Every structure is written in C-alpha cells, then in structure tokens.
1. Return the only residue of Val95, Val99 being in contact with a Cys (Cβ under 6 Å, 6 or more places away or on another chain), closer than 22 Å to Cys220 by Cα, modelled with pLDDT of 95 or more and in the same structural domain as Ala38 (by TED's automatic domain parsing).
2. Only residues in the range 148-167 that are over 13 Å from Asn9 (Cα atoms) count as the first member; pair them with residues that are small (Gly, Ala, Ser), Cβ under 6 angstrom, at least 6 apart or cross-chain, and list the lot.
3. Quick one: Gly154 ticks every box in (1) more than 30 Å from Arg64 (Cα to Cα); (2) in the same structural domain as Gly69 (by TED's automatic domain parsing) except a single one, so which number is it?
4. Restricting attention to the range 110-149, which residues are surrounded by 19 or more Cβ atoms within 10 Å (Cβ to Cβ) and of a type in the set (Ser, Thr, Tyr)?
5. Condition first: within 16 Å of the chain's Cα centre (by Cα) and under 22 Å from Val206 (Cβ atoms). Can you find one or more residues in the range 42-58 that meet it?
6. Identify, please: which residue in the range 170-189 is hydrophobic (A, V, I, L, M, F, W, C) and surrounded by fewer than 18 Cβ atoms within 10 Å (Cβ to Cβ) and is, among those, modelled with the highest pLDDT?
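The values are calculated or read from the model by the stated rules, or taken from the named source; none is laboratory data. Quick caveat, the model's predicted, so the values are computed rather than measured. Cβ coordinates were reconstructed from backbone atoms using ideal geometry, including for glycine residues, and neighbour counts include every protein chain displayed.
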Amino acid sequence: MGIAVPARNTTLEPDAYALLPEWVTAHFSRMPGDPESASTGDPSNLRGMFDDIPRVCLELSLARVDAIGFGCTAGSFIGGSSYDDKIRGVMGGLVDVPVATTAEAVIQAMRHLGMARVVVVSPYSEESNNCLRSFLVEKELEVVELRRCPKPEGVPTLAEMDPALVRRAAMHALPAGTDGLFISCTNLPVIRMIGDLERDLGKPVVSSNQALIWYLLRLCGKNLAGREETSLWL
C-alpha cells in the first residue's frame with residue numbers, strides 16, 4: 001500500500017509498521033501541508049496538501065502499490081463531504097488502483113462496526129472540531145459528545161503528546177446509547193491503547209490510523225481477521 005503522509009507527521013508510519021504483517025509493505029510520500037494547523041485554530045494550511053496530490057500519486061504509483069491512501073484526517077474533512085469526494089476523485093483520476101482518504105476510511109470502519117452514535121476525541125481547535133462534527137453528520141452519524149484533547153504548551157507536535165492525556169479524555173464513561181468511540185488525527189500516538197480502551201469501555205474504538213490501514217488492506221484484497229485484539233480487525 002502507498003500512503004501520502006503530512007510532512008510533520010511522525011506517527012502514521014510507525015503505526016503502519018506495527019499493524020501490518022511482514023508480507024504487506026507500506027510505502028510513503030510526504031506532503032508539505034501543515035496538519036498541525038488543525039489544532040491551532042488556523043486550518044487553512046490543510047488545503048495546501050491538495051496541491052501535492054499529483055506528485056505523491058506519481059511517486060507512489062512508481063512503487064507499484066495496490067492501493068493509495070491520503071493520510072490526513074483533517075486534511076480531507078476540513079471542506080466537508082464534497083471536498084473529501086474531490087480529493088478521492090482527483091487521486092482516482094491519476095492512478096489505476098483503489099484510493100482512500102482517512103476521513104472516508106473512518107466512516108467505512110464505523111459503519112462496519114455498526115457505530116451510528118459516537119463520542120469523538122480530537123486534539124483540534126474549536127473551528128476544526130466544528131468541521132469534523134459537520135462532516136460526520138453529513139455521513140449520517142450522530143456525534144453524542146466531542147471531547148477536545150489539546151496539545152499542551154511546550155509540546156512541539158501532536159506526535160509528542162503524552163498518550164495518557166488522550167486516554168484520560170477517552171476513558172470518561174460513554175453516554176447511554178453510544179455505539180463507540182472515535183479518536184481523530186493521524187499524528188496522535190494512540191494505536192497501542194485501542195485494545196485496552198475497548199476492554200475498559202466495552203465498546204468499539206476507532207482511531208484514524210487504525211481505520212486507514214484497515215481500509216487500505218480491504219482495498220488491496222487482504223484480510224487480517226484476528227491479527228489484532230481490537231474489534232476492527234475481527
């Protein structure tokens with residue numbers, strides 16, 4: 001699989017290596033757009049990654065990958081459902097393999113798990129969170145609660161946040177009738193806590209990176225049932 005990853009993201013690549021078996025390889029191309037702007041209140045730089053799509057698609061297609069993913073959650077939901085569709089449309093017009101955005105992969109994962117009423121945890125600004133909520137509603141999901149887990153002062157990037165901060169936000173009891181939890185952002189280091197969260201909450205948990213890798217595997221025709229002790233792999 002090939003993944004276009006934001007230049008400052010240092011979490012998605014090691015997460016892919018941790019999730020994939022040795023017979024599936026992941027190959028990356030970096031986009032200079034700034035996904036950290038989604039957490040600072042100025043998400044305009046996220047749209048800059050759109051201009052990188054032709055280059056990253058060319059680079060990844062030269063590696064003869066079987067599917068290509070756009071590895072930034074906010075970078076595709078920031079303009080709503082139609083913007084996400086536009087990204088996939090441009091990518092699909094440039095390569096002859098299946099393509100996916102992280103935002104679409106998250107929707108597919110939650111539908112696969114029967115999640116219709118969800119609690120969301122994100123590090124984003126209020127502006128970006130409003131875009132995320134609107135995107136999920138467009139996709140016919142109900143956001144029961146949106147919990148912000150901001151990057152602390154002095155921490156350079158989201159990748160360097162203490163995962164315990166995210167876990168603390170995630171571990172509050174889910175409201176009655178909630179189907180599961182979604183942790184948004186491909187740069188948050190949360191992949192190793194998903195299994196424990198699911199056991200503690202008694203509900204499915206989906207993260208951006210987990211959903212993208214899972215969905216790209218499906219597009220590649222691969223199935224990792226039982227590979228991980230989280231409900232998305234079952």
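1. Numbers: Val99 fails: in contact with a Cys (Cβ under 6 Å, 6 or more places away or on another chain).
Step by step, each of Val95, Val99 is checked, and only Val95 is in contact with a Cys (Cβ under 6 Å, 6 or more places away or on another chain), closer than 22 Å to Cys220 by Cα, modelled with pLDDT of 95 or more and in the same structural domain as Ala38 (by TED's automatic domain parsing).
2. Cys149/Ala169; Lys151/Ser39
3. Going through the list (1) more than 30 Å from Arg64 (Cα to Cα); (2) in the same structural domain as Gly69 (by TED's automatic domain parsing), Gly154 breaks only (2).
4. Matches in the range 110-149: Ser122, Tyr124, Ser125, Ser128.
5. Looking only at the range 42-58, we keep the residues that are within 16 Å of the chain's Cα centre (by Cα), and these are 46, 49.
Remaining after also requiring under 22 Å from Val206 (Cβ atoms): 46.
Yes - at least one qualifying residue is present in the range 42-58.
6. The extreme case among them is Ala176.
One line per residue, one yes/no per condition, for (1) within 18 Å of Tyr215 (Cβ to Cβ); (2) of a type in the set (Gly, Ala, Ser); (3) at pLDDT below 95; (4) surrounded by fewer than 14 Cβ atoms within 10 Å (Cβ to Cβ):
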{"residue": "Pro14", "(1), (2), (3), (4)": "no, no, no, yes"}
{"residue": "His27", "(1), (2), (3), (4)": "yes, no, no, no"}
{"residue": "Gly33", "(1), (2), (3), (4)": "no, yes, yes, no"}
{"residue": "Gly41", "(1), (2), (3), (4)": "no, yes, yes, yes"}
{"residue": "Ser44", "(1), (2), (3), (4)": "no, yes, yes, yes"}
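Residue by residue, here is whether (1) small (Gly, Ala, Ser); (2) over 28 Å from Thr25 (Cα atoms) holds:
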residue	(1), (2)
Thr157	no, no
Gly177	yes, yes
Gly195	yes, no
Gly202	yes, yes
Gln210	no, no
